[in-house]
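Note sheet for the following structure.
A short reminder: the numbers here are calculations on the coordinates, not readings from a lab. Here the structure is a predicted model, which means the values were calculated and not measured. As a convention, Cβ positions derive from the backbone with ideal geometry for all residues, glycine included, and neighbour counts pool all protein chains shown.
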Amino acid sequence: MIDLFNEQYDRQTLKENIYSVKLMDIVKTQMLDITFIVRYILNKTYQLHEDDKQITIKDIIKYQPHITEEMIYKYNLSYDSDEDSVEDFESVSNRN
């Protein structure tokens, strides 16, 4: 298990562990780019915990001050959900 509160992780590590941590914890503790935010954090596919379903754009801006609301909307409009997907939860959970 990764330690979000004491370590910074690269994008690949966060992707590989997306189902084992709360998305809100990622938002609060890691430096994220706009693509990761739209593709994973704001994507309902990866929102397994109730807390994750409550994440708002205001939360993103609060914990990721380098990201603007305009950036989120702009990238969200051009995002194709098949661009950077990871395995579904069932596939990941069956590996262990």
Given the C-alpha centroids of the range 51-65 and the range 1-46, what is the distance between them in whole angstrom?
12
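What's the magnitude of the charge dipole for the range 11-89 around its Cα centre, counting Lys and Arg as +1 and Asp and Glu as -1 at the beta-carbon? Answer in Debye, nearest 20.
Working: 10 positive and 15 negative charges, 65 e Å.
Dipole of the range 11-89, to the nearest 20 debye: 320 debye.
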Subtracting the Cα-Cα distance of Tyr73 and Glu50 from 0.36 nm times their residue separation yields 6.0 nm
